[in-house]
1. Any chance you could count how many residues in the range 81-96 are in contact (Cβ under 8 Å) with a residue 12 or more places away in the chain, more than 16 Å from residue 70 (Cβ to Cβ) and part of a helix (DSSP H, G or I)?
2. Name the single residue that is nearest to residue 17 (Cα to Cα) among those in the range 42-66 being assigned to a strand (DSSP E or B) and out of contact with any strand residue (DSSP E or B) (no Cβ under 6 Å at 6 or more places or on another chain).
3. For the range 27-34, check the following and say yes or no: at least one residue is surrounded by 12 or more Cβ atoms within 10 Å (Cβ to Cβ) and touching a helix residue (DSSP H, G or I) at 6+ places or on another chain (Cβ under 8 Å).
């Protein structure tokens, strides 16, 4: 996915990677991605899965892979479970763009 971060440009959204990893684990991954690709999305650590649960992405004691969109008040606008969203980033961006247009 990081090789295609340019696809995120032009969206009027803040983009984060949320996982249950510790901040230390996330920082290590962030640095590796930044070194390999020249940049990385910021990470949010959610070890108790509270945000992940709010996003309806909790799968037992793990998180589903996928993406979600929150409005400015923190309400979930939509979410999609998709193990291959990053590999299918062009299609993912089409879905996100359509959802954003529907909210205008």
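Read the figures in this text as sums done on the coordinates, not as results from a lab. Since this is a predicted model, take the numbers as computed values, not measurements. Ideal geometry is used to build each Cβ from the backbone, glycine not excepted, and the neighbour counts take in all protein chains shown.
1. Final tally of qualifying residues: 4.
2. Keep residues of the range 42-66 that are assigned to a strand (DSSP E or B), which gives 43-45, 58-59, 62-63, 66.
Now restrict to residues that are out of contact with any strand residue (DSSP E or B) (no Cβ under 6 Å at 6 or more places or on another chain): 45, 58-59, 62-63.
Details: 45: 9, 58: 15, 59: 17, 62: 15, 63: 12 Å.
Per the stated criteria, the residue is 45.
3. Yes.
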